[in-house]
Amino acid sequence: MSGQRQKSRPEQEVLAFPAESRSDAPKAAEQGIETLLAKRKSESLAGTERLMEEVCELENCKQALQRVKANKGSPGVDGMTVDELPAYLKQHELEIGEQLRSGTYQPQPVRRVEIRKPDGSGMRKPGIPCVLDRFIQQAVHEAQRYIAEGHRWVVDLDLEKFFDRVNHDRLLAAVAKRVADKRMLKLIRAFLKAGVMEDGLVSPVDEGTPQGGPLSPLLSNLVLDELDRELERRGHRFVRYADDCNIYVSSERAGQRVMESVTRFITHRLKLKVNQAKSAVARPKQRKFLGFSFTGEREPRRRIAPKVIARFKERIREQTHRTRGISLTQMVKELATYLRGWLGYFGDCQTPSVLHGLERWLRRRLRSMVWKQWKRGRTRFRELRKRGVAKDLAAPTAGSPHGPWRLAKSPALNIALPNAYFAELGLPPMVMRS
């Protein structure tokens, strides 16, 4: 926060979980803490003795509330929405703060929902915490560098139901190595043991971390930190993000050896399971990592994985369906929101011809949708003429027996609905022009 006085806002009034008499803490207690910290072998561990106090600080609570509001998301089992959270915190801040500091806070069960996996292989069961960033591209760049250096085989490891199989005892032991605040350890254990609500019934859980909340990937990363250290000890070139792990080697034979030994380590040491059906030793161009794949050239280029392109087209088809009952302007506005997010990540690819193709396909899709909406021959002729199409071109196009998809590529529709028209509506370019 800046040093300038800021206007009072409701959310700022509820951000801290203040202790009732923090200024009255006796000096003897402070000296006792200093003595305890001095005896600690690790400075970093000692700094976590009063971690809960830092969690409850104003600035941290302020940032946490802003992130929850920005992420939006669905209500959990208590039905509370993101918009209702500030008022609730304002009413219960002292109570919640005391529960956190005393170690008595009890998390609620997460609401379990089913979401079909993108490849259609089954259902994911993420949990929605009670009143929820994204992929990191740097790992993909690192993988590309390994391939360019000559490590042209990849050991692609898929951990079966990773978030559902994380061992609680191993996880908490990993946390305890880094955090000395017993209240924080108790709180994390409570989150893990809170259970899940499914079909109105709460079921206990003995392993796994609930997907959907910000705590899950952090905790799971602690488990896989042991895998990272083992791969580093062996001198492997690898990239990992959450439970996606690729190891780059120089030959297929070396890849098979690495696959066998690392699988054994994951199974016996980490108590996790490798999905044999989805794991493989292959050329990088045959696999994908975080939605990207690579070309097979001497200097590999990042390309968008085929399944990602298929999902992109499926999403666009859903948003441009002519029976949606919304105007073209509103449709383009919704498309623009999706495209900006998608391009913010996949625009990092090095195959612009693919993006050009998707851009042409999208505009053709929109022209086809508009043509369907015009319906009758007379309406189509009138609309074409109104948009500057010559009469001798508008007439045969309006009366053509061909379908909308074919006519969307016709000269008449490209004149009536040019690229600039969609740009004026707010459709962002998929490839930046120089």
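Could you please give the count of residues in the stretch 288-312 that are in a helix (DSSP H, G or I) and surrounded by 14 or more Cβ atoms within 10 Å (Cβ to Cβ)?
5
Criterion first (among the basic types (Lys, Arg) and under 19 Å from residue 139 (Cα atoms)) does residue 285 satisfy it?
Spelling it out, residue 285 is indeed among the basic types (Lys, Arg) and under 19 Å from residue 139 (Cα atoms).
Report whether or not residue 326 is under 24 Å from the mean Cα position of the chain (by Cα) and either outside any helix (DSSP H, G or I) or at pLDDT 90 or above (or both).
Working: under 24 Å from the mean Cα position of the chain (by Cα): no; either outside any helix (DSSP H, G or I) or at pLDDT 90 or above (or both): yes.
No: the conditions fail for residue 326.
Which of (1) touching a Pro at 6+ places or on another chain (Cβ under 8 Å); (2) surrounded by fewer than 17 Cβ atoms within 10 Å (Cβ to Cβ); (3) at pLDDT 95 or above does residue 396 not meet, given it meets every other one?
The one condition residue 396 does not meet is (1).
Kindly list the number of the only condition in (1) within 12 Å of residue 223 (Cβ to Cβ); (2) at pLDDT below 80 that fails for residue 159.
Just one mismatch for residue 159, condition (2).
Taking the stated definitions as given, is residue 369 part of a loop (DSSP other than H, G, I, E, B) and either within 33 Å of the chain's Cα centre (by Cα) or within 21 Å of residue 331 (Cα to Cα) (or both)? I'd like the intermediate steps shown before the answer.
On the way: part of a loop (DSSP other than H, G, I, E, B): no; either within 33 Å of the chain's Cα centre (by Cα) or within 21 Å of residue 331 (Cα to Cα) (or both): yes.
No: the conditions fail for residue 369.
For the stretch 313-331, name all the residues that are surrounded by fewer than 14 Cβ atoms within 10 Å (Cβ to Cβ) and of a type in the set (A, V, I, L, M, F, W, C).
If the condition is that a residue be surrounded by fewer than 14 Cβ atoms within 10 Å (Cβ to Cβ) and of a type in the set (A, V, I, L, M, F, W, C), then 326 is the only one that fits.
Going through the stretch 392-405 one residue at a time, which ones are assigned to a helix (DSSP H, G or I), under 47 Å from the mean Cα position of the chain (by Cα) and not aliphatic (A, V, I, L, M)?
397, 404, 405
If residue 384 passes every condition in (1) over 32 Å from the mean Cα position of the chain (by Cα); (2) in a loop (DSSP other than H, G, I, E, B) but one, which one does it miss?
(2)
Using the structure shown, decide if residue 389 is under 42 Å from the mean Cα position of the chain (by Cα) and either of a type in the set (A, V, I, L, M) or not in a helix (DSSP H, G or I) (or both).
No, not satisfied.
Which residues, counting only those in the stretch 260-279, are hydrophobic (A, V, I, L, M, F, W, C), under 22 Å from residue 225 (Cα atoms) and open to solvent by 20 Å² or more (accessible area, probe 1.4 Å)?
Answer for the stretch 260-279, where residues must be hydrophobic (A, V, I, L, M, F, W, C), under 22 Å from residue 225 (Cα atoms) and open to solvent by 20 Å² or more (accessible area, probe 1.4 Å): just 265.
Give the residue that is surrounded by the fewest Cβ atoms within 10 Å (Cβ to Cβ), with candidates limited to residues of the stretch 405-434 that are more than 14 Å from residue 332 (Cβ to Cβ) and among the small types (Gly, Ala, Ser).
This residue is 434.
Out of 386, 372, 391, I need the residue that is open to solvent by 70 Å² or more (accessible area, probe 1.4 Å), touching a helix residue (DSSP H, G or I) at 6+ places or on another chain (Cβ under 9 Å) and within 13 Å of residue 407 (Cα to Cα). Which one?
Only one candidate qualifies: 372.
The values are calculated or read from the model by the stated rules, or taken from the named source; none is laboratory data. Predicted, not measured: the structure shown is a model, and the values here were computed from it. Positions of Cβ are generated from backbone atoms using ideal geometry, with glycine treated the same way; all protein chains shown enter the neighbour counts. Just so you know, the surface numbers come from the protein's heavy atoms only, side chains and all, with ligands and any DNA or RNA stripped out. Shrake-Rupley method; radii C 1.70, N 1.55, O 1.52, S 1.80 Å.
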